[in-house]
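The values are calculated or read from the model by the stated rules, or taken from the named source; none is laboratory data. The structure displayed is predicted, hence computed values, not measured ones. All Cβ positions, even for glycine, are placed from backbone atoms using ideal geometry, and neighbour counts span all protein chains on display. Surface areas here come from the heavy atoms of the whole protein model, side chains and all, with no ligands, DNA or RNA. Shrake-Rupley method; radii C 1.70, N 1.55, O 1.52, S 1.80 Å.
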Amino acid sequence: MEQFILWIQTSFGTLAQLNYPYPSNFLAPLPAYPAKVACDILMNSSSPVHAIIEISNLLYNGTQAPISCFDIYSEFTGCANKVGCLSGFDGMAWDFQQCSGINILANTNNKTDMFPPKKWIFGDIEAHCKSTWGVTPDPEWMKIFTGGANLAGASKIIFSNGIFDPWHGGGFLDLRTNDLISLVYVGAHHLDLRSSNEKDPESVVETRKLEVKWLDMWIQGKEEWNE
């Protein structure tokens, strides 16, 4: 049952992450605004169970022809990120990256989120990383390597965050100095770094312009920002 729940949970989180304003094929062939499509399915369905399966179908089968059976063990594989690494080489790379550097304990409580309560134990992740990759994760590594929330020694960084992206909750959202800048736009995961599209929200278009201006300022060695 836990495998089934995590299979569903991963589909909900990933659809939010990939909530682009146009059809995309980043992790799956998805329609425009797949999170909205998922909400419409849930609101218009007479069966919550059928709705959940149909929503999960968006990620695991995308816009392809309907299938009668899912393989929840090949489509969702356990990894260091307990909400899923999906499958294939990309999933393997993400798994190793989290074992060797980025540790994520994605607990849920069904109060501040919509998922069943689950508390992940670091020891479980440690055991997985040792048996899978032969590495021992260090929960302090990221803080030591990057400085964590202490940006005193950081410079020339643009922190861009799409407000639709669930990852934005861990981002820097309110910085404005000559060396550190936060840009928040109405969009999904790294939409500002994707190729331009006629359906891009205006805030994404403006974010890209600002990113170019800041990079140009730093490359030219300018000290002050000029609007």
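Points worth noting:
- Any hit, the stretch 14-24, residues being over 21 Å from K118 (Cα atoms) and among the β-branched types (V, I, T): no
- When we screen K156, K119, K130, K111 for residues that are open to solvent by 70 Å² or more (accessible area, probe 1.4 Å) and closer than 30 Å to D179 by Cα, the only hit is K156.
- Test: residue in the stretch 141-152 that is touching a residue at least 24 places away in the same chain (Cβ under 8 Å), open to solvent by 80 Å² or more (accessible area, probe 1.4 Å), in a helix (DSSP H, G or I) and under 22 Å from N19 (Cα atoms): no
- Residues (open to solvent by 40 Å² or more (accessible area, probe 1.4 Å) and not in a helix (DSSP H, G or I)) located in the stretch 86-95: S87
- The set of residues from the stretch 167-192 being closer than 19 Å to A149 by Cβ, touching a helix residue (DSSP H, G or I) at 6+ places or on another chain (Cβ under 9 Å) and outside any loop (DSSP other than H, G, I, E, B) comprises W167, I181, L183, V184.
- Here is the figure for the stretch 197-227: residues that are open to solvent by 80 Å² or more (accessible area, probe 1.4 Å), at pLDDT below 95 and assigned to a loop (DSSP other than H, G, I, E, B) total 6.
- Close pairs from the stretch 101-126: first more than 18 Å from K143 (Cβ to Cβ), partner surrounded by fewer than 13 Cβ atoms within 10 Å (Cβ to Cβ) and basic (K, R), Cβ under 9 Å, at least 6 apart: N107/K119; T108/K119; N109/K119; P117/K111
Condition check ((1) within 23 Å of K130 (Cα to Cα); (2) assigned to a loop (DSSP other than H, G, I, E, B); (3) over 17 Å from the mean Cα position of the chain (by Cα)) across all residues:
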residue	(1), (2), (3)
A28	no, yes, no
A51	no, no, yes
P66	no, yes, yes
S74	yes, no, yes
T112	no, yes, yes
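- Of all the criteria given as (1) surrounded by fewer than 20 Cβ atoms within 10 Å (Cβ to Cβ); (2) in contact (Cβ under 8 Å) with a residue 60 or more places away in the chain; (3) within 15 Å of the chain's Cα centre (by Cα); (4) part of a loop (DSSP other than H, G, I, E, B), the one not satisfied by Y20 is (1).
- All positions within the stretch 127-140 that are without any contact (Cβ under 8 Å) to a residue 24 or more places away in the chain, of a type in the set (S, T, N, Q) and either at positive phi or in contact with a helix residue (DSSP H, G or I) (Cβ under 8 Å, 6 or more places away or on another chain) (or both): T136
- In the stretch 4-13 there is at least one residue that is open to solvent by less than 20 Å² (accessible area, probe 1.4 Å) and over 30 Å from D138 (Cβ atoms).
- Taking the criterion of being touching a residue at least 24 places away in the same chain (Cβ under 8 Å) and open to solvent by 80 Å² or more (accessible area, probe 1.4 Å), the residues of the stretch 45-85 that qualify are T63, Q64, Y73.
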